[in-house]
Amino acid sequence: MNIRKWIQYVLLFAIVAGGVYAVTQFYGSPRDQAVPGQSAPTFSASGLKGEEISLANYKGRGVILNFWASWCNPCVNELPLLNEAYKLSGVEMLAINVGENKETVQKFVDRYEIEFPIVLDSDLNIKQKYQVVGMPLTVLIDKDGTIVERHEGEMTEMDDILNFMARIKQDE
């Protein structure tokens, strides 16, 4: 066998082995799905005030997670509406800032007088667990810790937001 044929066989083997490895990694290991009907992936992270915020603290109450960033125009439009709905509804809410520094987040929170807790996801760990692709993303979690709904994109109507929140308030 000449050297050229031998190199071709080695390369072919490497490609096949790489493909098998990729398929087994993708299908072989369990992953958090972060989809309705599944348990919400747990997390603990720092809040804007330095406190530790854990999803486990909301078990038994239901909570809304809102993934956002100050550079995201739909997020900028939506967060003040969510803030007003939060004050009216009494539903627990966590706003998870994706990847920004504390000073940037604090300026935004001060400007819009946001009242619900802010979670800093500076390492993008929570974003990854919830498979956030676009923002804003709002995730409704019931009192048992199950994801009820994922709403991708901006919510623009107060009635829609309050109806969304009422879905877990009724569950309490």
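The values are calculated or read from the model by the stated rules, or taken from the named source; none is laboratory data. Since the structure is predicted, the reported quantities are computational estimates derived from the model, not experimental observations. With ideal geometry, Cβ positions are generated from the backbone for all residues, glycine too; neighbour counts draw on all protein chains shown.
Points to keep in mind about this one:
- Qualifying position, being modelled with pLDDT of 95 or more and over 16 Å from Leu48 (Cα atoms), among Val91, Val139, Val98: Val139
- Highlighted here are the strands (runs of 3 or more DSSP E) found entirely within the range 58-172 that include at least 3 residues which are under 15 Å from the mean Cα position of the chain (by Cα) and of a type outside the set (Val, Ile, Thr): 63-68, 93-98, 147-152.
- Total residues in the range 52-70, condition touching a residue at least 24 places away in the same chain (Cβ under 8 Å) and either surrounded by fewer than 13 Cβ atoms within 10 Å (Cβ to Cβ) or not assigned by TED's automatic domain parsing to the domain that holds Glu149 (or both): 1
- For the range 3-24, a residue qualifies if it is more than 40 Å from the chain's Cα centre (by Cα) and modelled with pLDDT of 80 or more, and the qualifying residues are Ile3, Arg4, Lys5, Trp6, Ile7, Gln8.
- Contact map, the range 76-92: residues that are touching a residue at least 24 places away in the same chain (Cβ under 8 Å) and on the phi > 0 side of the Ramachandran plot paired with residues that are surrounded by fewer than 21 Cβ atoms within 10 Å (Cβ to Cβ) and of a type outside the set (Val, Ile, Thr), Cβ distance under 8 Å, separation 6+ or inter-chain. Pairs shown: Gly90/Lys169.
- Subset of the range 78-120 (residues that are buried (at least 21 other Cβ atoms within 10 Å of the Cβ) and polar (S, T, N, Q)): Asn97
- Subset tally (residues that are under 22 Å from Lys169 (Cβ atoms) and acidic (Asp, Glu)) for the range 63-120: 4
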